[in-house]
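Accompanying notes for the structure given below.
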Amino acid sequence: MPRPAKAPDLAPVDMELPLWPALVRARRRLEAVRSATGRMATLVGAAAAAAGLFTGQWTGASLLADAALTLIGLGTLRLWKPDGQQRAVASVLYLAPGTSLAALLLAEQMVPGIHPVEALGLTVWTAGTWVMRPAYVGRRMLAPPPPAPAAELATLEEAEVSDHPIAQWWARTVAVKDGAAPGTVLDDIHRTGPKSMRAVIRATTPGRPVPDISIRNLSAAMDIPEDLITIGPVPGRGAGVRLLTIGNPEESEDLATVWDKRIAPAAMPGAVLTSVRAGRPGGAGHTITTTASTTTSTEEDA
C-alpha cells in the first residue's frame, strides 16, 4: 500500500486549562495598578495643561514626561503581541491621549495669553480621556483582563417539604421563583373546617424572615377570595415564620352551642343549658358544667 504523501490534519480540539489561582490574583492586582496609574496620569496631564495656560515654565518637562510615559506604555503593549490590524488599532488608541496632550501643550505656547479655545480644548481632553479611556481600551484589546472572581455561594441544603398534598402544591406553585411566596415552605397544616385550614409559612433560608407575601397574588394562585386569606405572626415566634389562615373556622360544637342552636329554638325557647349530668339513671354520674349564662337549668340522665 503506497504511503500517503502528506499526513491528514488533526481535528482541532478545544481544551479549557484550569486557571492557577495565584496567577489570576496577581494579574488582577496588576490590572488594578494599571487602571489607577492611567487615572493618575490623566489628572497629572490635566494639571500640566492647566498650568500651561498661565506659564510655559513647565511645558518642556511636561512634554518629556508625556513622551516617555507614552512610549514606555506602548512598548509594553506591543511586546510579545501578534501582528495584525487589531494590534495597529490598539496602538493608535494607546497613543491618542499622549499625542493629543502634547498637541494641547504646544498650542498653549503658540497662542499668547489665555484663549477660550485653549480652555475648551483642556476641558474636552480631560473629560474625553477620563470617560472614554482610549489607552485602557487599547490595552484590553490585546491583553484581556483576568476573569472576575467567582462568587462564593453558600451551599444550602434543600428545605425539607412535607409530604402533605397542600405542602407539595405550595412548593411547586407558590414557592417558586416567580410565585407568590418564593423561598418558603408550608408546615403544620391543620384542617379547621370543611372549607378552612391553618398552616405555618416558614422561610427556607435559616435566619431570614418570610418575604412579604401579596394576598392578591396568593388569592389568584389558590382561587380563593382575598377576604378569606389572612397572614399574620405566629405567637411566640420570630419573623422567620408566619401564620396562614384560610376560610372561617367552624365554631366548636359543644353541648351549650348545640342546645342553643338546635334544641332550644324548637323545644324550649328562651331556655339556656347550664349543666348536663351524664350517667345511668339512679346510678353514679358526673355533671358537665357549661359556660352559658344561667336562666333555666335542666338535667338529662343518660
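The values are calculated or read from the model by the stated rules, or taken from the named source; none is laboratory data. The model shown is predicted, which means the values in this text are computed figures rather than measured ones. Here Cβ is always computed from backbone atoms with ideal geometry, including for glycine, and neighbour counts include all displayed protein chains.
For the reader, a short list of remarks on this structure follows.
- The residue that is modelled with the lowest pLDDT, counting only those in the stretch 125-169 that are of a type in the set (Gly, Ala, Ser) and in a helix (DSSP H, G or I), is 138.
- Residue 51 being under 18 Å from residue 138 (Cβ atoms), at pLDDT 80 or above, over 45 Å from the mean Cα position of the chain (by Cα) and not polar (S, T, N, Q): no
- Tally, over the stretch 197-222, of residues that are touching a helix residue (DSSP H, G or I) at 6+ places or on another chain (Cβ under 8 Å) and assigned to a strand (DSSP E or B): 2
- Meets criteria (assigned to a strand (DSSP E or B) and more than 22 Å from the chain's Cα centre (by Cα)) for residue 191: yes
- Close contacts from the stretch 9-37, counting a first residue that is loosely packed, with under 10 Cβ neighbours inside 10 Å and a second that is modelled with pLDDT of 80 or more and of a type outside the set (Lys, Arg), with Cβ to Cβ under 7 Å and a gap of 6+ residues or different chains, come to none at all.
- Of all residues in the stretch 56-85, exactly one satisfies the criterion of being crowded, with 17+ Cβ neighbours inside 10 Å and modelled with pLDDT under 80, namely 77.
- All strands (runs of 3 or more DSSP E) inside the stretch 223-302 with 3 or more residues being at pLDDT 55 or above and farther than 30 Å from residue 209 by Cα: 275-279
- Single residue of the stretch 89-108 satisfying the filter (polar (S, T, N, Q) and modelled with pLDDT of 90 or more) that is farthest from residue 125 (Cα to Cα): 99
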